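Peer 1: Next up is a structure, given as structure tokens.
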Amino acid sequence: MRPPRSPSRDRSDRFTGFRGYVRIPDRYATAKRMALLAALVLTGLWLVVEFFHPRAAAFHTHGQLANPHAAWDHQCAACHVQHDVANLSWSNVLNARDRWHDLTCTKCHAGPAHHASVQEMGGEWAGFHDRCSNCHHDHGGRTASLTDIADSHCVGCHRDVPHATTSDPAKFGAFASEHLEFRALRDYPPGQNYTPRKLKFSHAVHMTPGMVTTTRLGDKDVPSGPLDAKRLKEAYSPDAVARYGPLDTGKGVELKCASCHQLDAEVPADGSGDLPRGQPRAGGAYYLPVSYDVSCKSCHPTVAPDGGRPENAFPIPHRLQPPDLAAFLRAGYWDRLAKHAPAAKAMGPGQRLDPKAAHDDLKATFGGEVGRLTANAQKWLATHPRVGDTSATGTCAKCHALTGTGAALTVAPLPQHSVWFPHAKFNHVSHRGLTCAECHPGTDRPAATPAHPVNEVEPIAIRGVDSCRACHAPAGHEVKLADAVTRAAGVRHRCTDCHRYHNGEQPLHGMGSPARDPRAPQSLAEFLKGGK
Amino acid sequence: MLLSKNWSVGRRVAVILAATALAAAAPYAVMRPLNAWVEPSSTAGVVLGLVGLVVIVFEMLLMLRKRYRRVRGWPPLLWNVRLWLWVHVVLGIAVLPVILVHGKYGFGGILPAATMALFLATIASGVWGLVVQQWLPQELIDEVPDETVASQVDRVAAGYVGKKPVVWSKEHDRDRTGEVFRLLESLTLEGAEPGEVLPVPGGGAAVEARSEALVRDKPAEELWLFCEGILVPYLERGRASVSPLRSEYEARRRFAQLRQTLPAEAFPAVDRLEQLAKYRREWDTQRRVNAWLHAWIPAHVGLSAAMTGLMFVHAVRALKFW
């Protein structure tokens, strides 16, 4: 039997249907046309929305603007310089990035001066800093930070700073591994260079309970008696009793760091109470300078020596240089002697010294006594106290470095060290969970009574960069501390977490700095439109 | 065929997928470790975008070239539609890394993201089409030896039932003069004249005159019921008829049952009826394969057209701040 023929050849009659069926679009051809039509319609709708929807710019943004700029999410021209067709050229088209980064930030942000070193470099280096968007990237979402800048923006150049400048040979990279020791500690390492410290002060003595010190007499260390509430009442001012009496723990007065160091956010240390309601309070980033009048005077009053007669003693104002002090002493002694001299007391109203010779003699004797007391006081104030010499504890030289002699004697002014790292920001409040001594070695309560009073300046009491890395480095990063090896906690560690760039040589000036003021304030309507 | 026919289907598909994956991943593999991305708005990024635009425009021209395939010019090679298709495929894969690098392997804002998504979908649909074009034609030859014109399957199959009236109504359906009914009549009608030509498998032939029908009474009734209730609807509407004959196994079983009630002389006619059902099954398969083979084209065309439209909008808006 023959195999069946193909059905296309096996019809019993001729094809009687529509022979032009091949010209009729099948369902795929129809679907193709419909798809094309749909695409055209969709594109057309998109164009309609593009031209007529007021927020159509949102279709083109790379992402939402950060919260401070949220008002201009749909107004590209608020920040971007809008060019027109007249500017169309190949170079413009191909440099789209440059055009997009042609921004008008300075309408609202003054763009404070750069570091002088950057301006001196000029060329490419300065050019990089001239464009805000090279570091500040927006369109990263509402909560993105405009100041949280990747390290690559900084270390791209600062890793090779020595190549570009001779003023700073330091190279910087990632904080965890390539950041040098802090400059203050590099320049003045503990035990080697105390130049920036001018004040002789011993944290060890002041943090010892009762401030007990020992004096070597012969072959024995004789301790001074502890300073307790009883002794405070006997020998110190009422102010000292009020401030330090409550700190008597039985072993004597135990000072705390906060007894002298006050955050800029804290209540006044002079006991005047909390800040009045409505009075602004600082953020607490830094400590206020320690003030003699607030923290030292009650125990260490500056008093003119009495020359053997207690009625001749009188308080001396702080911060007087010796030349000014001489006149003050002379006037003080003159006043005291005049009050207490028998001759002065004997003369009543309308009386006169007579004869004139006697007047001159008394005047010469009186003046000589004033001069003697003044000279003695000047000599005494310049005395450097020796170990165990308690009589010199009120002299200038106990705490201050003196230069020159005689009339040229000068007390070296104290440098301002509220901020040791002027190019980095640090917030003490953020770190108040730690004891002060964690970061400031040698300032805590000593384990044993100090052997002798310390009459020298202390080293800079700041731990090195490694102590910061214990927290501020990638998690698990090995950190070598002075006495241990630990693993970093992974707390933020970008350049911009510590360093501020703007405001030239005053990077610690915040947003309120006049250098950040806009060119001109604007009305609300103009501001919401992107400003002029 | 764009790839060697001497290669197996698996090898051809593997080459296509590997080429696509390589094109997409190679730049990423180079740029990622070096962290050396091309910014979309940089000069290199804009150039890549413009190159991509030109390539995509050329890709879209294939639609016009096929629409006006009779247009010829000089040199003839450049007007060869097959060559255009080959270049379309090659450039389609080549433009993938161009656009991905231009987009920094990201999506960007809403419009760039929509454009990129459409672009990726277009590439995916094109690659899918290329894959099925390698695979299904041979499958069709193997599985459907009695292939017919796909769009005419219903018409051809229903032709075995009868002609369709010019104006159809419930009362005036097909005229039932097709092969199925002629076979039924040859088995069940009495009084065929000697020498009358009746349809038999293999072509019409004269049958011997007989005074009584070959199949009578209940078997004849069952035969008619089977054909009218199961076979004819299946021939007319295929799988849509929900006929048991859709299944080859079930069809074999049903025809075997039918033969048990019929005399052996009727078997050739039943064989022919079974073969008609088999044709319809093949053609249904053909239609399914045909759908897989061609359904991607509308998707590909629609996606690419929408992508091209948005691409131009994106280009103009991106360069607006010139």
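Peer 1: Quick one: angle between helix B:217-226 and the longest Cα principal axis of chain B, in degrees between 0 and 90, rounded to 10, please.
Peer 2: Around 10 degrees separate the two axes.
Peer 1: Say R0 is 30 Å: what FRET efficiency, to the nearest 0.05, do A:Arg277 and A:Asp517 get from their beta-carbon distance?
Peer 2: Details: r = 30 Å, r/R0 = 0.99.
Computed FRET efficiency for A:Arg277 and A:Asp517 comes out at 0.50.
Peer 1: Which lysines does A:Lys251 reach when only Cα atoms under 30 Å apart count, and residues fewer than 8 places away in its own chain are ignored?
Peer 2: Of all the lysines, those that pass the test against A:Lys251 - Cα under 30 Å, at least 8 places apart if same chain - are A:Lys200, A:Lys220, A:Lys230, A:Lys233, A:Lys297, A:Lys398.
Peer 1: Here is a follow-up. State, to one decimal in nm², a quarter of the convex hull surface area for the C-alpha atoms of segment B:263-322, i.e. the direction-averaged projected area.
Peer 2: Details: hull surface 17.3 nm².
Convex hull of Cα atoms, orientation-averaged projection: 4.3 nm².
Peer 1: If you take the accessible area of A alone, add that of B alone, and subtract the area of the pair, what total do you get in Å², probe 1.4 Å, to the nearest 100? Spell out each step's value before the answer.
Peer 2: On the way: alone 34620 and 18990 Å², together 49510 Å².
So the buried area, both faces added, is about 4100 Å².
Peer 1: I've got another one for you. Return one number: the angle in degrees, 0 to 90 and rounded to the nearest 10, between the long axis of the Cα atoms of helix B:248-260 and the longest principal axis of the Cα atoms of chain B.
Peer 2: Roughly 0 degrees, rounded to the nearest 10.
Peer 1: Could you give each residue of segment A:283-291 its phi-based ³J(HN,Hα) in whole Hz, using Karplus coefficients 6.51, -1.76, 1.60 with θ = phi - 60°, and x for Gly or Pro?
Peer 2: Values per residue, Gly and Pro as x: x, x, 6, 10, 8, 6, x, 6, 9 Hz.
Peer 1: Order A:Arg19, A:Arg159, A:Arg469, B:Arg259 by their accessible area, 1.4 angstrom probe, all chains in place, largest first. Write out the running numbers ahead of the final one.
Peer 2: Numbers: A:Arg19 140, A:Arg159 105, A:Arg469 20, B:Arg259 50 Å².
Solvent-accessible surface, decreasing: A:Arg19, A:Arg159, B:Arg259, A:Arg469.
Peer 1: For segment B:17-96, give the percent of accessible area contributed by carbon and sulfur heavy atoms, probe 1.4 Å, rounded to a whole number.
Peer 2: On the way: 3710 of 5010 Å².
For segment B:17-96, the apolar C and S fraction of the accessible surface comes to 74 percent.
Peer 1: To continue, here is another question. Near A:Lys107, which lysines are there with a Cα under 22 Å away, not counting those fewer than 8 places off in the same chain?
Peer 2: A:Lys529, A:Lys532, B:Lys320
Peer 1: If packing is taken as the mean number of other Cβ atoms within 10 Å per residue, what is the order of B:111-121, A:424-434, highest first? Before the final figure, lay out the partial values.
Peer 2: Working: B:111-121: 19.9, A:424-434: 13.1.
Put in order of decreasing packing, that is B:111-121, A:424-434.
Peer 1: Please give every one of the lysines within straight-line cross-link reach of B:Lys278, meaning a C-alpha to C-alpha distance under 21 Å, and leave out same-chain neighbours fewer than 8 residues apart.
Peer 2: Hits, sequence-local ones excluded: B:Lys163.
Peer 1: Could you compute how much accessible surface A:Thr30 exposes when probed at 1.4 Å, giving the result in Å² to the nearest 10?
Peer 2: 70 Å²
Peer 1: Here is a follow-up. Residues of B:287-297, mean number of Cβ from any other protein chain within 10 Å of their own Cβ, rounded to a whole number? Walk me through the numbers on the way to the answer.
Peer 2: On the way: counts 0, 0, 0, 2, 2, 0, 1, 6, 3, 1, 5.
For peptide B:287-297, the averaged partner shielding equals 2.
Peer 1: Per residue, how much accessible area does segment A:32-103 show when a 1.4 Å probe rolls over the protein heavy atoms, in square angstrom?
Peer 2: On the way: 4360 Å² over 72 residues.
That works out to 61 Å² for each residue.
Peer 1: Take every residue in peptide A:44-50, count the Cβ atoms of other chains within 10 Å of its Cβ, and give the average of those counts. Spell out each step's value before the answer.
Peer 2: Details: counts 1, 0, 6, 4, 0, 0, 4.
The per-residue average across the peptide is 2.
Peer 1: Short version: ³J(HN,Hα) in whole Hz for each residue of segment A:96-110, in order, from phi by Karplus 6.51 cos²θ - 1.76 cosθ + 1.60 (θ = phi - 60°), x for Gly and Pro, what are they?
Peer 2: Running phi through 6.51 cos²θ - 1.76 cosθ + 1.60 with θ = phi - 60° gives 4, 4, 4, 5, 5, 8, 7, 10, 10, 4, 6, 4, 10, 10, 5 Hz.
Peer 1: Now for a separate question. Going by amide H atoms built from the backbone, whose H comes under 5 Å of the H on A:Leu263, apart from near neighbours?
Peer 2: A:Leu288
Peer 1: A further question on this structure: How many Cβ atoms of partner chains, on average, are near each residue of A:55-61 if near means within 10 Å of its Cβ? List each step's numbers first, then the result.
Peer 2: On the way: counts 0, 3, 3, 3, 10, 10, 5.
Taking the mean over all residues of the peptide, I get 5.
The values are calculated or read from the model by the stated rules, or taken from the named source; none is laboratory data. Since the model is a prediction, treat every value here as computed from it, not as a measurement. Positions of Cβ are generated from backbone atoms using ideal geometry, with glycine treated the same way; all protein chains shown enter the neighbour counts. To get the accessible areas, we keep the full protein, side chains included, count just its heavy atoms, and leave off ligands, DNA and RNA. Shrake-Rupley method; radii C 1.70, N 1.55, O 1.52, S 1.80 Å.
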